[in-house]
Each structure stands twice: as structure tokens, then as C-alpha cells.
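Below is one structure, written out as C-alpha cells; the observations come after it.
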Amino acid sequence: MLWLVAAVVLLVAIVLVVGASLPQDHAASRTRTFRTTPEALWAAVNDPAIVPRGSPKTETTESVPPRLLVHRVVGETAFAGSWTFEIAPAAGASTLTITENASVFNPVFRFVSRFLMGHYRSIDAYMNTLARRFPE
């Protein structure tokens, strides 16, 4: 039993040390093309039904239909940041780039965000949800 407790303490210490050594800020970006108009893609991005459950509360800080939208996280203490949505017309389609600029204050959350979840997980899930709306 003592070895188990020691192993757990060691694991927690490693997570804390590694998390504390990671940068507090990160940026992640993905681009994907959808077979739809910029206006239809804009409407989908602004549809509250497309936001995954458990997403943090956000406020819109910039909106230039149908090409630029910036959402900033509000009401959180463990992290802060924004998602920038850029929509551009493409041949018979539209290209969406989502860029996340985030700060993760808690070292444990930094470790989880970097090594367990990955910085791209939420963006990829969001893009996949949009892809179901606009099948190829």
C-alpha cells in the first residue's frame, strides 16, 4: 500500500513540475474547406446549436459578416482565451480557419491540455460537427 501511495505522490509531482514548465499561453489553428457559401457557413458558425456541450461561456468581441468572428471566453478563472473564425470564399466552397489563442493558468490543466486533450481537440471536434452539416 505504501508503494501505491508513493507512486501516486510521484505522479502528481511529475504532473505539477511538467505543467509548471509548460508555457502558459498557446495558439492552435486549423483550416478546412466546406462545400457551401460563406453566408451559409457564417450562419452555421453563429448557430448556438453547434456549440459543443460543456463549452465555456463566450462573448462576441468582433463580428464582420460573413468573414470574421471573434469569441472571447468569459467567467473562467483557470483559463482565458479566444477563438477567431475566418471565412473565405473558395472555388465552389468556403474555407474556414479557426484559431485558438489561450492562456491556461493552472499547471495541472496545462499538462492535461497539452498531453491528454491536445490543443487541437476542441477545434477538430467543432470542424467535424460543421462537416456533418455540409457533407462533401
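The values are calculated or read from the model by the stated rules, or taken from the named source; none is laboratory data. Since the structure is predicted, the reported quantities are computational estimates derived from the model, not experimental observations. Note that each Cβ is placed from the backbone with ideal geometry, even for glycine, and that neighbours are counted across all protein chains shown. Note: areas computed on protein heavy atoms with side chains; ligands, DNA, RNA excluded. Shrake-Rupley method; radii C 1.70, N 1.55, O 1.52, S 1.80 Å.
The table for this structure:
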{"item": "The listed residue being of a type in the set (S, T, Y) and touching a Gly at 6+ places or on another chain (Cβ under 8 Å), out of S103, S113", "result": "S103"}
{"item": "Condition broken by H71, with the remaining ones in (1) open to solvent by 30 Å² or more (accessible area, probe 1.4 Å); (2) touching a residue at least 40 places away in the same chain (Cβ under 8 Å) satisfied", "result": "(2)"}
{"item": "Residue, surrounded by the most Cβ atoms within 10 Å (Cβ to Cβ), within the range 37-56, restricted to residues that are within 16 Å of the chain's Cα centre (by Cα) and at pLDDT 95 or above", "result": "V45"}
{"item": "Qualifying residue in the range 89-97 (condition: in contact (Cβ under 8 Å) with a residue 12 or more places away in the chain, open to solvent by 60 Å² or more (accessible area, probe 1.4 Å), in contact with a Gly (Cβ under 6 Å, 6 or more places away or on another chain) and within 28 Å of R35 (Cα to Cα))", "result": "no"}
{"item": "Test result for T31, loosely packed, with under 15 Cβ neighbours inside 10 Å, of a type in the set (S, T, Y) and within 21 Å of R132 (Cβ to Cβ)", "result": "yes"}
{"item": "So A78, is it over 15 Å from R32 (Cα atoms) and crowded, with 16+ Cβ neighbours inside 10 Å", "result": "no"}
{"item": "Within the range 101-124, tally of residues that are under 17 Å from P52 (Cβ atoms) and open to solvent by less than 30 Å² (accessible area, probe 1.4 Å)", "result": "4"}
{"item": "Every residue from the range 117-136 that is part of a helix (DSSP H, G or I) and not β-branched (V, I, T)", "result": "M117, R121, S122, D124, A125, Y126, M127, N128, L130, A131, R132, R133"}
